[in-house]
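Read the structure below first, then the notes.
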Amino acid sequence: MKKKLVMSLICSLLMAAAYAEVPPPPRDGFDGPPPKEMKRPHEDFAKKKEFETRLQLTEEQKASIEKNIQKNRKKLEAIRKKEMKLKKQRRDIIEKSKKDFENLLTPAQKEELKKIEQERKIKKQKCHEEMKKNPPKRVEKRK
């Protein structure tokens with residue numbers, strides 16, 4: 001009996017750890033880039049103008065560069081869509097695996113699993129609060 005309980009506990013911890021790595025689901029169908037990837041259009045425009053001026057690009061070069069940017073943008077968008085689909089598939093597989101695992105447990109084991117998950121949630125919350133109070137120091141990169 002102890003052996004089964006220990007194995008169940010180990011399996012539940014492994015499942016909890018695997019489930020913890022899953023990114024949060026998209027917010028109400030919002031599939032935009034993460035905030036750090038969002039750019040302000042006027043900043044890109046200013047950089048573009050600065051490059052054109054400093055590099056003294058000809059009109060032909062500008063047109064060729066713009067054409068390449070548009071071509072690569074389409075390729076990147078296709079890759080992003082594939083990545084989103086794969087992430088969703090990954091979440092679905094992990095969720096199914098978790099449900100299959102829980103279906104193998106007895107009612108007592110399910111209760112214990114709930115306690116473990118609750119303890120983990122509290123510990124994670126405390127860790128986040130601690131990080132807010134004492135954020136890690138940033139190390140500057142050497143040039």
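Pairs from the list K82/K137; K4/K87; K3/K96; K96/K123; K87/K133 with a Cα-Cα gap above 27 Å: K82/K137; K4/K87; K87/K133. Annotation note: trypsin sites (Lys or Arg not before Pro) in segment 71-137 located in DSSP loop regions with a Cβ neighbour count of at most 12 within 10 Å are K137. What is the diffusion coefficient of segment 53-120 in µm²/s, taking the Kirkwood radius over Cα pairs and the Stokes-Einstein relation at 25 °C with a viscosity of 0.890 mPa s? Approximately 146 µm²/s, per Stokes-Einstein.
For K47, a cut-off of 25 angstrom between C-alpha atoms picks up these lysines, skipping any fewer than 8 places away in its own chain: K36, K39, K62, K67, K71, K74, K75, K141, K143.
Only the coordinates and a few stated rules stand behind these numbers; no lab work does. The shown structure was predicted, so the numbers you read here are calculated from the model rather than taken from an experiment. Note: ideal-geometry Cβ built from the backbone for every residue, glycine included; neighbour counts use all protein chains shown.
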